[in-house]
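Read-outs throughout are calculated quantities, based only on the coordinates presented, and are distinct from any laboratory measurement. Keep in mind that what you see is a predicted model, and the values were worked out from it rather than measured. For neighbour counting, all protein chains shown are included, and Cβ atoms are generated from backbone atoms with ideal geometry for every residue, glycine included.
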Amino acid sequence: MAQYSRLEVAAVMKETGLVPLFYHTDVALGKKVLKACYDGGARLMEFTSRGDFAFEIFGELNKYALKELPGMILGVGSITDAGAASLYMQLGANFIVTPILREDIAIACNRRKVLWSPGCGTLTEIARAEELGCEIVKLFPGGIYGPKFVKAIKGPCPWTSIMPTGGVSPTEENLTAWFDAGVTCVGMGSQLISKEVLINEDFDGLKATVQNAINLIQQIKNK
């Protein structure tokens, strides 16, 4: 079962501004990545469910986080149906992220008061997601729409909370563009946890990158 309610997760997303995305078949490597992000200040991690037996890997990572990383909130991404969402929630997923808007996932998550963030690409989809109880909408693929799309949405709908995924990098220019446009937080995958980091096992470098990104986000938000 989830350890954090959807409102608690949404508050941490807003506070830190960063949700790292990660998937790998190696549990031991996953633990090192998780620890590096945690030490860098991240308090959320989206495990992207994209491989066979991915749920088994997530279960081990979540047990590790609960035991060794107090306050680390693990969720799952790339979920495409309510059955998968329910499976991961039984393994303790604290939030569910999807590439699409599906009402069956909304129902399954809302029943357990677990935050769900559906991938949306139109204002109509965003409005429907909010009608279904969504706290933070995932803009996906973020790189296609860009910060201007977010700014345009926030005009008529200032209450909308948006998390772009895709097209986000840990540079000052990129993060400034997104947060100035009004995003609540950003999801960041390979631009943060790169293949080079994994191949070279550069976990100190990953820690520093995460820390720098979070510091940049705080500076941008507080200026």
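List the chymotrypsin sites (Phe, Trp or Tyr not before Pro) in the stretch 155-195 that DSSP assigns to loop (not H, G, I, E or B) and whose Cβ has at most 15 other Cβ atoms within 10 Å. Which are they?
On the way: sites: W159, W178, F179; in loops: W159.
Those that pass, being in a loop and sparsely packed, are W159.
Roughly speaking, what is the stretch gain from A208 to K113, that is 0.36 nm per residue apart minus the C-alpha to C-alpha distance, in nm to one decimal?
Result for the pair: 30.8 nm of gain on full extension.
Hey, in the GNM for the chain with a 10 angstrom Cα cutoff, which one of N62, N200, N94 fluctuates hardest?
N200
So for L44, L7, fewest C-beta neighbours within 10 Å to most, what's the order?
Details: L44 25, L7 10.
Starting with the residue having the fewest Cβ neighbours, the order is L7, L44.
Would you mind classifying the stretch 1-125 by shape? Square roots of the alpha carbon gyration tensor eigenvalues, ordered a ≥ b ≥ c; an a/c under 1.5 is rounded, otherwise it is prolate if a/b is larger than b/c and oblate if not.
It is prolate, given that a/c is not under 1.5 and a/b is the larger ratio.
Which of Q90, Q191, Q211 ends up with the largest GNM mean-square fluctuation for the chain, with Cα atoms connected below 10 Å?
In the Gaussian network model the winner is Q90.
Round to the nearest 0.05 the FRET efficiency obtained for T176 and A11 when R0 = 30 Å and r is the Cβ-Cβ distance.
Result of the calculation: an efficiency of 0.80.
If each DSSP helix of 4+ residues adds -39,500 (n - 2.57) and the sum is divided by the residues in the chain, what number results at 222 nm, nearest 500 deg cm²/dmol?
That calculation yields -16000 deg cm²/dmol at 222 nm.
Mind giving me the nanometre distance, one decimal, between the label points for L123 and Q191, set 7 Å out from Cα along Cα→Cβ?
2.5
For N200 and D81, what does the FRET efficiency come to when R0 = 25 Å and r is the distance between their Cβ atoms, rounded to the nearest 0.05?
Computed FRET efficiency for N200 and D81 comes out at 0.10.
Fewest first, what order do K148, K207 take by the number of other Cβ atoms within 10 Å?
On the way: K148 10, K207 18.
Placing the least packed residue first, the sequence is K148, K207.
Between D39, D202, D52, where does the largest GNM mean-square fluctuation fall for the chain, given springs only between Cα atoms within less than 10 Å?
Taking springs between Cα atoms under 10 Å, the residue moving most is D52.
Fewest Cβ neighbours within 10 Å first, please rank F53, F47 accordingly.
The most exposed by this proxy come first: F53, F47.
Which one, [x] 19.4; [y] 20.0; [z] 17.1, gives Kirkwood radius over Cα pairs in Å as derived from the coordinates shown?
So the structure-derived entry is [z].
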